[in-house]
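What follows is a short report on a single structure.
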Amino acid sequence: SPCLRLGRWLLECGYLTREHHDEVVAMLKRHKAVRAADDSDPHLPRRIGKYLVQREIARGGMGIVYEVHDPDLDRRVALKVLPDGEFLDPDRVRRLRREAVIAGRLAHPNIVAIHAAGTASLPLGRRVHFIAMDYVEGTTLEEVVTQGTADRRQVVHMVRDVALAVAFAHSQGVIHRDLKP
């Protein structure tokens with residue numbers, strides 16, 4: 001976190017005592033925990049098009065993923081949204097649409113299904129680009145491995161499931177950009 005790096009720098013330069021540094025770090029951690037538990041985050045959009053935003057799931061280089069409620073189908077979905085609205089690089093919009101088209105044609109039990117792609121309005125007339133997809137509850141493989149919540153056999157089965165999904169995508173001519181050796 002940039003705040004924690006700044007705090008460390010202020011400590012190293014002598015502008016903060018260790019006690020004050022630790023106090024600020026504890027306060028930031030409490031604030032982060034409260035924000036995570038607080039459904040009334042003022043920065044969280046309440047609605048994206050027809051979708052009712054429940055919470056932010058993740059942020060990445062490509063966008064923000066929200067858990068949303070689809071009122072038409074009365075179900076939870078994940079909504080991947082490109083940030084920056086109308087000021088977004090057109091190339092990023094094309095990549096998002098291409099991702100939706102490619103992923104939308106992959107039907108496999110271990111690949112998240114795509115339901116829709118498009119643009120939606122936010123308050124103040126700003127527009128965002130999105131992909132609506134299955135919401136999958138659970139922990140990441142990284143969390144399972146680092147927290148030790150699964151035995152070796154379970155982890156091997158999880159990796160096998162991922163490998164089968166990747167093999168299927170490859171058989172359809174799709175190479176996932178984020179896969180690393």
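Read-outs: derived from the displayed coordinates by stated rules, not from any lab. On a predicted model such as this, the values are computed, not experimentally measured, just so you know. Because the Cβ atoms are built from the backbone with ideal geometry, glycine has one as well, and the counts that use them run over all protein chains shown.
Things worth noting here:
- Computed over the stretch 95-143, the P(r) tail beyond 12 angstrom holds 69 percent of alpha carbon pairs.
- The stretch 118-181 and the stretch 45-117: distance between their alpha carbon centers, rounded to Å: 13 Å
- Selection from 78, 54, 138 lying farthest towards where the dipole of the stretch 48-138 points positive, charges on Cβ: 78
- Global geometry of the stretch 126-172, whether rounded, prolate or oblate, following the gyration tensor of its Cα atoms and the 1.5 cut on a/c: oblate
- Prolate/oblate/rounded label for the stretch 55-181 (Cα gyration tensor, a/c 1.5): prolate
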